[in-house]
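Chemist: Below is one structure. I have some questions about it.
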Amino acid sequence: MSNRTIPLDARLHGYLLEHSLRESAIKRRLRAVTASLEQRGMQIAPEQGQFMALLVELIGARRILEIGTFTGYSALCMAEAMPADGTLICCDLSAEWTDIARGFWREAGVAERIDLRLAPALETLDALLAQGQEGQFDMAFVDADKGNYTRYFERCLTLVRPGGLLLFDNTLWDGRVADPDDRDEDTLAIRALNDHLLGDQRVSLSLVPIGDGLTLARKR
């Protein structure tokens with residue numbers, strides 16, 4: 001028995017995957033393609049993708065925002081968990097990376113659920129707000145430039161309905177958030193978000209040690 005989160009060495013992590021991960025062949029191939037890229041570290045862990053899909057099912061999410069799509073693994077996980085008439089708006093800047101995503105989305109049969117918008121995410125979010133979309137989304141997943149995390153939080157909090165869920169990736173940042181000597185701009189931005197969320201009574205909060213740290217904030 002333990003009163004703290006158990007550490008995962010390679011053997012235990014392997015056991016976790018062998019006894020819980022239900023990853024389709026399409027998702028495995030997408031991860032393999034992504035692993036060949038220089039930016040492969042931006043890929044979420046497969047167990048995190050499955051956890052996020054479960055969250056989509058648990059809250060019955062039909063409209064989701066994703067800030068930062070990369071090669072589309074997280075979007076694929078969430079889109080597959082949505083109903084057929086659901087909508088996932090994906091915000092990214094890279095046509096190169098999202099072209100990879102589009103091919104796998106089509107193959108998985110979920111491309112019609114995904115609305116990819118290639119533009120700065122803040123512009124997309126502000127446009128949705130200008131269109132009167134406040135409270136019209138069930139969930140938001142943020143995994144993009146860390147310097148804008150707090151800005152993304154404020155926009156997404158407005159766009160998500162009461163009872164909806166906001167997810168923020170990389171909130172443990174490979175342990176660097178706990179290193180007082182690390183003054184990197186991204187580290188400081190993630191610390192700022194974590195501090196902000198801790199004191200924000202508009203949300204219920206849990207930082208889950210999965211992947212590189214995934215923060216769940218439920219809008220009250």
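The values are calculated or read from the model by the stated rules, or taken from the named source; none is laboratory data. Computed from a predicted structure; not experimentally measured. In this analysis, Cβ positions are derived from the backbone assuming ideal geometry, glycine residues included, and neighbour counts consider all displayed protein chains. Note: areas computed on protein heavy atoms with side chains; ligands, DNA, RNA excluded. Shrake-Rupley method; radii C 1.70, N 1.55, O 1.52, S 1.80 Å.
Chemist: Hand me the list of strands (runs of 3 or more DSSP E) wholly inside the stretch 150-220 holding 3 or more residues that are within 17 Å of the chain's Cα centre (by Cα) and in contact (Cβ under 8 Å) with a residue 40 or more places away in the chain.
Modeler: 160-169, 214-219
Chemist: When you scan the stretch 28-62, how many residues do you find that are surrounded by fewer than 17 Cβ atoms within 10 Å (Cβ to Cβ), under 22 Å from GLU18 (Cβ atoms) and touching a strand residue (DSSP E or B) at 6+ places or on another chain (Cβ under 8 Å)?
Modeler: So the answer is 0.
Chemist: Output yes when any residue across the stretch 55-72 is touching an Asp or Glu at 6+ places or on another chain (Cβ under 8 Å), under 14 Å from ALA108 (Cβ atoms) and at pLDDT 95 or above, and no when none is.
Modeler: no
Chemist: Filter the stretch 1-36 down to residues that are closer than 17 Å to PHE104 by Cα and without any contact (Cβ under 8 Å) to a residue 40 or more places away in the chain, then give me how many there are.
Modeler: Of the residues in the stretch 1-36, the ones closer than 17 Å to PHE104 by Cα are 23-36.
If we keep only those that are without any contact (Cβ under 8 Å) to a residue 40 or more places away in the chain too, we end up with 23, 25, 28, 32, 35-36.
Total meeting the criteria: 6.
Chemist: Next up: Check LEU128 against each of (1) farther than 26 Å from ILE26 by Cα; (2) in contact with a helix residue (DSSP H, G or I) (Cβ under 7 Å, 6 or more places away or on another chain); (3) open to solvent by 30 Å² or more (accessible area, probe 1.4 Å) and name the one condition it does not meet.
Modeler: LEU128 satisfies all of (1) farther than 26 Å from ILE26 by Cα; (2) in contact with a helix residue (DSSP H, G or I) (Cβ under 7 Å, 6 or more places away or on another chain); (3) open to solvent by 30 Å² or more (accessible area, probe 1.4 Å) except (3).
Chemist: Which one is nearest to PRO120 (Cα to Cα) among residues in the stretch 83-104 that are of a type outside the set (S, T, N, Q) and open to solvent by less than 10 Å² (accessible area, probe 1.4 Å)?
Modeler: CYS91
Chemist: Looking at the stretch 137-149, is at least one residue under 21 Å from GLN48 (Cα atoms), at pLDDT 95 or above, in a helix (DSSP H, G or I) and open to solvent by 60 Å² or more (accessible area, probe 1.4 Å)?
Modeler: The answer is no; no qualifying residue exists.
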